[in-house]
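For reference, the structure discussed in these notes is given below.
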Amino acid sequence: MNQDSPQSAPQRQGRRLVGQEAACGVIIILGYLLPRGIRYLVMILMHSKHSPDWKALATDIKRWGLDLGFAAVGIASTTNLGKAEAGLLAWLDAGCHGEMDYMARHGVKRARPDELLPGTLSVITARLDYWPATSDAAAALDNLADGERAYVSRYALGRDYHKLLRTRLRKLARRIEDEIGGYVHRVFSDSAPVLEVELAAQSGLGWRGKHSLLLSREAGSTFFLGELFTALPLPSDTALADHCGNCTACIAACPTGAIVAPYRVDARRCISYLTIELHGSIPLEFRPLIGNRVYGCDDCQLCCPWNGAAPRTREEDFAVRHGLDQARLSELFAWSEVEFEQKMAGSAIHRIGYERWLRNIAVGLGNAPVTPEAIKALRSRQEDRSALVREHVAWALARHGASL
């Protein structure tokens, strides 16, 4: 019986190296023929010390997220967004996005995570509560009822959330990397075309309410969402059932009728859009309906039964700044541009700029009770350098029957 002749150690080592190089070559060639998601997965497996237990890793990721301060973490696959894409296209075709041209510009990209991060296989979604610890729904309603005070949406009373969310998600991404090695990922916090409510719903964090926001049994809707796109084949969490039932409180509560049908908001009628996204003149038909809401609107959330026991935030960054939950309209209208820049630096409000801030407050003063204080404040800006501000001041004074 013929047998191979004995080989020296160097010869055996040489053959092993040649075999390994050939195997790597085959993997590389096959990798370029595979879909991007699988290609990245192969790279992870090649460079990992061991094949990850994806189910155990998913459990760890949720625990790490909670340790970092997120209120909840879930995981969604990215292969089931077809229905959401169709809904998005219908919403855009109806013009419900108003002047938010970026919505139409990105189009279906929002429903196709692989176009934002090639190779995306799963999305980790995280919830961060924002309702200030020193406030509650009753206080917010009292604020709304006082026509001499400005109402600022509760999410904007503190510092801007984008940086905090991004920083925390990046820490979570690094913690995963410490566990499995390098992997393809990207962090989002309301900073790119992402269907965040749909992904959060598929990840089991809640369900879409009739006001179009995500709702949770434990947290209502007063929270921010952030996403970590990954090329990891993590197991998806189970989506929750809709628990709105026959309730239509949010639809009835909307001051401008912006919730035109369950789960559909026409941004062109929404006070949040009118006071934040709209750059020009606020349509006359909506000005009286805006009331004292100078930045955003919470009415559809304040009336929601699920928000009755919504948790208060533990984040110091979201604490009320500069007394914005108590400020009088005339007080805010008197701010100089320098004061606005200084006080609103690091705030979501800073994004709309000083001119639109004054525009919104002028509308609020026009809806305020007729008092010498309101008239004096409005007249102080009759000759404002901004034509936009002057127009809204003139409307407000006329509404009070004051001579111009």
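The values are calculated or read from the model by the stated rules, or taken from the named source; none is laboratory data. Predicted model, so just to flag it, every value in this text is computed and none were measured. Heads up, the Cβs are rebuilt from the backbone with ideal geometry, glycines too, and the neighbour counts pull from every protein chain shown.
Quick notes
- Restricted to helices (runs of 4 or more DSSP H) entirely inside the stretch 29-114, those with at least 2 residues that are at pLDDT 75 or above, β-branched (Val, Ile, Thr) and out of contact with any Pro (no Cβ under 6 Å at 6 or more places or on another chain) are 54-67.
- Enumeration of residues in the stretch 287-302 that are buried (at least 21 other Cβ atoms within 10 Å of the Cβ) and at negative phi: 290, 292, 293, 294, 295, 297, 298, 299, 300, 301
- Residue among 328, 390, 351 that alone is closer than 30 Å to residue 165 by Cβ and within 34 Å of the chain's Cα centre (by Cα): 351
- The stretch 94-115, residues that are touching a Lys or Arg at 6+ places or on another chain (Cβ under 8 Å), charged (D, E, K, R) and surrounded by fewer than 17 Cβ atoms within 10 Å (Cβ to Cβ): 115
Per-residue answers, yes or no, for (1) surrounded by fewer than 16 Cβ atoms within 10 Å (Cβ to Cβ); (2) touching a Gly at 6+ places or on another chain (Cβ under 8 Å); (3) of a type outside the set (D, E, K, R); (4) free of Cβ contacts under 8 Å to residues at least 40 places away in the same chain:
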residue	(1), (2), (3), (4)
117	no, no, yes, no
123	no, no, yes, no
126	no, yes, yes, no
129	no, no, no, no
145	yes, no, yes, yes
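- Number of positions in the stretch 72-87 that are farther than 18 Å from residue 232 by Cα and touching a Leu at 6+ places or on another chain (Cβ under 6 Å): 2
Yes/no per residue for (1) more than 18 Å from the chain's Cα centre (by Cα); (2) within 22 Å of residue 300 (Cβ to Cβ); (3) crowded, with 21+ Cβ neighbours inside 10 Å:
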site	(1), (2), (3)
198	no, yes, yes
211	no, yes, yes
230	yes, no, yes
235	yes, no, no
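- A single entry from 362, 345 fulfils the requirement of being over 30 Å from residue 129 (Cβ atoms) and free of Cβ contacts under 8 Å to residues at least 60 places away in the same chain: 362.
- Residues that are among the charged types (D, E, K, R) and within 26 Å of residue 335 (Cα to Cα) do occur in the stretch 123-146, at least one of them.
- Scan of the stretch 78-93 for residues that are surrounded by fewer than 14 Cβ atoms within 10 Å (Cβ to Cβ) and touching a residue at least 24 places away in the same chain (Cβ under 8 Å), ordered by number: 80, 82
- The listed residue being within 30 Å of residue 352 (Cα to Cα) and either among the β-branched types (Val, Ile, Thr) or at pLDDT 95 or above (or both), out of 201, 173: 201
- Residue among 145, 126, 111 that alone is of a type in the set (Gly, Ala, Ser) and either over 17 Å from residue 76 (Cα atoms) or assigned by TED's automatic domain parsing to the domain that holds residue 261 (or both): 145
- Restricting the stretch 147-185 to residues that are hydroxyl-bearing (Ser, Thr, Tyr) and more than 18 Å from the chain's Cα centre (by Cα), the residue that is surrounded by the fewest Cβ atoms within 10 Å (Cβ to Cβ) is 183.
- Of the residues examined, residue 112 is one that is under 30 Å from residue 268 (Cα atoms), of a type in the set (Lys, Arg) and without any contact (Cβ under 8 Å) to a residue 60 or more places away in the chain.
- On the stretch given as the stretch 254-273, residues that are aliphatic (A, V, I, L, M) and in contact with a strand residue (DSSP E or B) (Cβ under 9 Å, 6 or more places away or on another chain) total 4.
- Here the helices (runs of 4 or more DSSP H) wholly within the stretch 315-404 that include at least 1 residues being surrounded by fewer than 14 Cβ atoms within 10 Å (Cβ to Cβ) and at pLDDT 95 or above are 337-344, 372-379, 387-399.
- Scope the stretch 261-278; condition out of contact with any Gly (no Cβ under 9 Å at 6 or more places or on another chain) and in contact (Cβ under 8 Å) with a residue 60 or more places away in the chain; matching residues: 265
- The one condition in (1) aliphatic (A, V, I, L, M); (2) in the same structural domain as residue 97 (by TED's automatic domain parsing); (3) touching a Lys or Arg at 6+ places or on another chain (Cβ under 7 Å) that residue 192 fails to fulfil: (3)
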